[in-house]
Amino acid sequence: MTLTTLWLIPLIGGTLVAFLPPRLAKWMGALVAAVALLIAGFVAFNFAPDYHSYQFTEKVAWIPQFSIFYRLGIDGISLWLLILNAFLTLIAVLATPVTNRTAGFVGLMLAMSAGLAGVFMATDLVLFYVFWEAMLIPAYFLLWLHGEGSRPGYAALKFVLYTLAGSLLMLVGVIGEYIVTGHQTFDLAQLAKLAPSPSAQFALFFVFALAFAIKTPLFPFHSWLPDAYNAAPIPMLVTFAGVMGKAGAYGFLRIAVPLFPQPVDWWDWRWVLPVLAVAAIIYGALMALAQSDMKMLVAYSSVSHMGFIVLGIFAFNIQGQQGAVIQMVNHGIIIAALFLIVGWIADRVGTRDRSAMAGLALRMPVMAGVFAVVTFAALGLPGLNSFVGEFMTLLGAWERAPLLAAFGAIGLVLAPVYMLRLFQGAMQGLPAGPVPRSDIYAGQLTVLAPLIALMFAIGLDPNVLTNLMTSIGQTGLYR
């Protein structure tokens, strides 16, 4: 029952935390998140890299007359996303300020973490769908009840309508998969061996792909993102952007690719998705260049970087798909640090407009140093984590279609432009604009320290991640 505890402890803990006094709620929430992270670490420590199947499996009859079982398991793909979810949940709780609404906020954050953990562990298609829906419910209430700005309710409604549309399409796909495979099973491992006809595969892939593209989000299904990210409080964005977006990419890798390997003659989706991924890379980078709001600049940069992940998945080779998993982890670490930094800067100076400030490095030298490291990681500097993932995804794309890789590389050119404009606009130049109240606090630096340490650790030794990805390459996931 080890894997069950990874979603059950945050869910039960979040329910209890919601009724505690604010300060106690924060620290009890951090304790619950830390316990979940320790269990995830135990799973990673005992993970067998040469075992080419799901590990720590659990199976309990749920609705056996319809072949629906409670099945959990992890492999080299889901392991690191499970750890990322537990790790960033702890970071998010520690970064949460204490107010009279802290208890409810932390409780919902832990509930969202529980749903995400379930998504990454479910090996039954129906159970995957249940956890998929479960992770969206607390996210909706977090936006609606704790959102910032003038229209948090609108952002929450737009988010839930988009994701509900995707979820309904996925439900159609789940039922369709059961029908076309002869009512045999919802076991993902077995379904990968029961590929239906090419025409049925096209229809089923289409509905699943739309659901995953909305959640990733992939251009042009991303329009919910600016409103949701603008309304989301910074601690929520640590997991909302750092982990939840990866659920869509994980769905492509776990369900769409293994279950529907054969395209139809008149529309080969194996080329459509990489083209959309490249479009997302370029569009997100151009939109980031146009932003003066620091928070929205980081939000659009996320669209661009998620494009690299999808491009790697649909390269259909070991380099691309391993690079995609590495980049999921890398992006989660970097985007969490970026949102924390821009949120803390905005709190100090009273604005998110980078054009209204300059020379903060002279007033906030420690913040400037930390910000510089995260900026270099985000733009893909060799020696830091993002370089490895982007290089592997583009290498995989080059092996499949050099032209797509060449256009995707435009994102590598634009990333330093918008990231350095963000950093230099706020930190460099003659001091101007609002005067910050203080430099970064010791507690905030402590929250950022593990994120920065991981940027260096993964950048210098990415084999720590790739050595356990036995599900990619050795078990034939790529097609």
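Short-range pairs are left out: with C-alpha atoms under 8 Å and at least six residues apart, the relative contact order of the range 268-479 is 28 percent.
Give, to the nearest whole percent, the P(r) tail of the range 268-479 beyond 30 angstrom, counting all Cα pairs.
25
Summing charges over all other residues whose Cβ lies under 15 Å from the Cβ of THR181, with Lys and Arg as +1 and Asp and Glu as -1, gives -2.
For the range 5-111, applying the loop criterion from DSSP together with a ceiling of 16 other beta carbons within 10 Å to the trypsin sites (Lys or Arg not before Pro) yields ARG101.
For the range 406-420, putting each phi into the Karplus relation 6.51 cos²θ - 1.76 cosθ + 1.60 with θ = phi - 60° gives couplings of 5, 5, x, 5, 4, x, 5, 6, 7, 4, x, 5, 6, 6, 6 Hz, in residue order, rounded to whole numbers and with x for Gly and Pro. In the list [x] 81, 57, 38; [y] 68, 54, 42; [z] 118, 54, 43, the label attached to Cα extents along the principal axes in Å as derived from the coordinates here is [y]. Selection among GLY118, ALA195, LEU403 by position relative to the dipole of the chain gives GLY118 as farthest towards the positive end (Cβ unit charges, Cα centre).
Students often get this wrong, so check it: of LYS26/LYS158; LYS26/LYS59; LYS59/LYS193; LYS158/LYS295; LYS59/LYS246, which have C-alpha atoms separated by over 23 Å? All intermediate terms of the calculation are to be shown ahead of the outcome.
Details: LYS26/LYS158 29 Å; LYS26/LYS59 34 Å; LYS59/LYS193 20 Å; LYS158/LYS295 19 Å; LYS59/LYS246 25 Å.
Too far apart for the 23 Å limit: LYS26/LYS158; LYS26/LYS59; LYS59/LYS246.
Work through the residues other than LEU157 whose Cβ is under 10 Å from its Cβ and net out their charges, Lys, Arg +1 and Asp, Glu -1. After counting each charged neighbour, the total is +1. Using Cα atoms only, what is the angle between the long axis of helix 269-289 and the major principal axis of the chain, expressed in degrees (0 to 90) to the nearest 10? That helix lies at roughly 10 degrees to the long axis. Computed from Cα positions, the angle between helix 294-313 and the longest principal axis of the chain comes to roughly 30 degrees. Considering only PRO382, GLN428, VAL272, the residue lying farthest towards the positive end of the dipole of the range 268-479 is GLN428, judged by Cα position with unit charges set on Cβ. Where the alpha-carbon atoms of the range 146-277 are placed on the principal axes, they occupy 50, 30, 21 Å, in descending order.
Quick note: the coordinates plus some simple rules give every number you see, no bench work behind them. What you see is a predicted model, and the numbers here were worked out from it, not measured in a lab. Don't worry about glycine lacking a Cβ; one is built from the backbone with ideal geometry, like all the others, and counts go over all protein chains shown.
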